[in-house]
Amino acid sequence: MESNLMIEMLGRRLRLAVIGGGPGSFIGAMHRAAARLDDRYEIVAGVLSSDPERSATAAAGLGIAPDRAYATAESLFAEEEARPDGADVVAIMTPNDSHHSYAVGALRHGFDVICDKPIANTLAEAVDVLATVEDTGLVFCLTHNYTGYPMVRQARAMVADGLLGTLQLVQVEYVQGGKAGERDPDHEGPLPWRYDPVRGGPSLVLGDIGTHAHNLVRFVTGLEVTELAAEVGHIVANRLVDDYAGALLRFDNGARGSFWVTQAAAGVENCLRLRVSGTKGSLEWMQEVPTQLAFKPLGAPAEMRTPNGPGSLPLARRASRIVAGHPEGFHEGFANIYADAAEAIAARRAGVDPDPLALVFPNAVDGVRGVAFVEAAITSAMNDGTWTTVG
Ligand SMILES: NC(=O)c1ccc[n+]([C@@H]2O[C@H](COP(=O)([O-])OP(=O)(O)OC[C@H]3O[C@@H](n4cnc5c(N)ncnc54)[C@H](O)[C@@H]3O)[C@@H](O)[C@H]2O)c1
């Protein structure tokens, strides 16, 4: 019989409230599946939509009791805080402009928080979330879910173990085609949130996927981007939002890099790809084939690492649920973020130390770095690609 770490530590599962992720949301279903996969959470409350009627219908469909299907986040915070069996954790998967206020509100009411990216639309708001996390001492997990893949964790562990030597070059691309043929909304009418800079943030492509690419680089290499020279704009004619961004990067150890993200590459699906090169060799990983990590040592034959395969390091091993050769993918990677956040939350509540390997999930510091990167890229692009410090 498998044991449930939450039962061992707390005697029960964590109680999760969700905000957002209602009808039509792709990522809402991913969050809920991630929360359920390892049975560490039960979903007890929610505000599924900004429309109270749609919210109530969607909550009923998830089995949430009618008295815990709330019309607003504020009522959820107040009423769940007051209940003896109230939620422990709030997961936020709403449009970008609400992340800051919902995260700060949840933390101030004593809830640990799991929040989708970007952490906020402005650097000042991102810093405010971080300050609130530090002030409350609660757990804040940012769902840069690509860091949950076993082979991304293997790459991080191999870099940390020195297998690549001194890092010198980093190339990251996140190329999608979803907006190549998309008809943009009529700008005279009400805009979907992604097309409205007030709600979606200052750059559609950088907020949607640029923050993921930047975070992946930092997660694997442990390096910070200190300066960049960027071009940000749109490829599709007459588009009013950004659908591509490219930048040259300088890192804090002197390494150099390139960054390329677009949602307008016709036919491409979800190609997040990373290459990291050091003095002793290179690593290559691609999201569409997530179970393969190529290691190309200098002067020796190329090798392949696979989940739970030979050469798996502990950080990767704990992220796989199945024996080698059985593919795991997006759901399992996302669930690793939830599972680790649960371990950190339960450990804090139980007053014990979590496994340090559980603490690699992205947090509020990572969120601040992501927003700082976006702001620097936009500033550089507005100055015709001038080298710009990442604040
Ligand atoms: N981690 C990832 O890979 C990933 C992928 C897609 C989206 N996202 C992020 O998830 C968030 C949502 O994106 P989406 O694609 O699901 O958007 P969406 O527009 O498809 O869905 C948003 C959902 O939130 C609900 N909602 C809106 N305002 C609300 C409010 N005030 N209270 C409660 N519910 C509310 C809507 O009814 C809808 O169900 C964004 O921040 C986005 O950046 C992350």
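The values are calculated or read from the model by the stated rules, or taken from the named source; none is laboratory data. Note that the structure is predicted; figures quoted are calculated from it, not measured. Cβ atoms come from the backbone with ideal geometry, glycine included; neighbour counts cover every protein chain shown. Accessible surface areas use protein heavy atoms only, side chains included; no ligands, DNA or RNA. Shrake-Rupley method; radii C 1.70, N 1.55, O 1.52, S 1.80 Å.
Return the total of residues in segment 359-370 being aliphatic (A, V, I, L, M) and open to solvent by less than 10 Å² (accessible area, probe 1.4 Å).
Number of matching residues: 1.
It is to be established whether one or more residues within segment 145-153 are in a loop (DSSP other than H, G, I, E, B), over 14 Å from the mean Cα position of the chain (by Cα) and surrounded by 19 or more Cβ atoms within 10 Å (Cβ to Cβ).
no
Mind checking which residues of segment 238-264 are part of a loop (DSSP other than H, G, I, E, B) and either in contact with an Asp or Glu (Cβ under 8 Å, 6 or more places away or on another chain) or surrounded by fewer than 19 Cβ atoms within 10 Å (Cβ to Cβ) (or both)?
Correct list: Asn238, Arg239, Leu240, Val241, Asp252, Asn253, Gly254, Gln263, Ala264.
Which ranges mark the helices (runs of 4 or more DSSP H) fully within segment 1-104 that have 2 or more residues being within 14 Å of the ligand (Cβ to nearest atom)?
Because the criterion is at least 2 residues that are within 14 Å of the ligand (Cβ to nearest atom), the helices (runs of 4 or more DSSP H) in segment 1-104 that meet it are 26-37, 52-61, 73-82.
For residues that are within 16 Å of the chain's Cα centre (by Cα) and either more than 12 Å from the ligand (Cβ to nearest atom) or at pLDDT below 95 (or both), scanning just segment 105-128, find the one that is nearest to Arg348 (Cα to Cα).
Of everything passing the filter in segment 105-128, Val113 is nearest to Arg348 (Cα to Cα).
Assess whether Thr279 counts as being among the β-branched types (Val, Ile, Thr), at negative phi and surrounded by fewer than 20 Cβ atoms within 10 Å (Cβ to Cβ).
yes
I need every pair where a residue in segment 64-86 that is closer than 12 Å to Ala17 by Cα and in contact (Cβ under 8 Å) with a residue 24 or more places away in the chain has its Cβ under 7 Å from the Cβ of a residue that is open to solvent by 40 Å² or more (accessible area, probe 1.4 Å) and among the hydroxyl-bearing types (Ser, Thr, Tyr), sequence separation at least 6 or different chains.
Ala73/Tyr102
What's the total number of residues in segment 74-99 that are farther than 19 Å from Ile64 by Cα and either open to solvent by less than 40 Å² (accessible area, probe 1.4 Å) or touching a Phe, Trp or Tyr at 6+ places or on another chain (Cβ under 6 Å) (or both)?
The qualifying residues number 4.
If you take the residues in segment 164-182 that are touching a Gly at 6+ places or on another chain (Cβ under 7 Å) and not in a strand (DSSP E or B), which one is nearest to Ala316 (Cα to Cα)?
Result: Leu164.
Of all residues in segment 179-197 being within 21 Å of the chain's Cα centre (by Cα) and open to solvent by 30 Å² or more (accessible area, probe 1.4 Å), which is farthest from the ligand (Cβ to nearest atom)?
Top of the filtered list is Pro197.
Could you please give the count of residues in segment 220-229 that are of a type in the set (A, V, I, L, M, F, W, C), open to solvent by 10 Å² or more (accessible area, probe 1.4 Å) and in a strand (DSSP E or B)?
1
Which ones in segment 183-199 are of a type outside the set (Val, Ile, Thr) and either assigned to a strand (DSSP E or B) or in contact (Cβ under 8 Å) with a residue 12 or more places away in the chain (or both)?
Asp184, His187, Trp193, Arg194, Tyr195, Pro197, Arg199
Just give me the residues in segment 209-218 being within 11 Å of the chain's Cα centre (by Cα) and more than 12 Å from the ligand (Cβ to nearest atom), in sequence order.
His214
Exactly one condition in (1) in contact with a Pro (Cβ under 8 Å, 6 or more places away or on another chain); (2) open to solvent by 20 Å² or more (accessible area, probe 1.4 Å) is not met by Ile27; state its number.
Unmet condition: (1).
Can you confirm whether Glu332 is at pLDDT 95 or above and under 24 Å from Ile209 (Cα atoms)?
Answer is yes for this residue.
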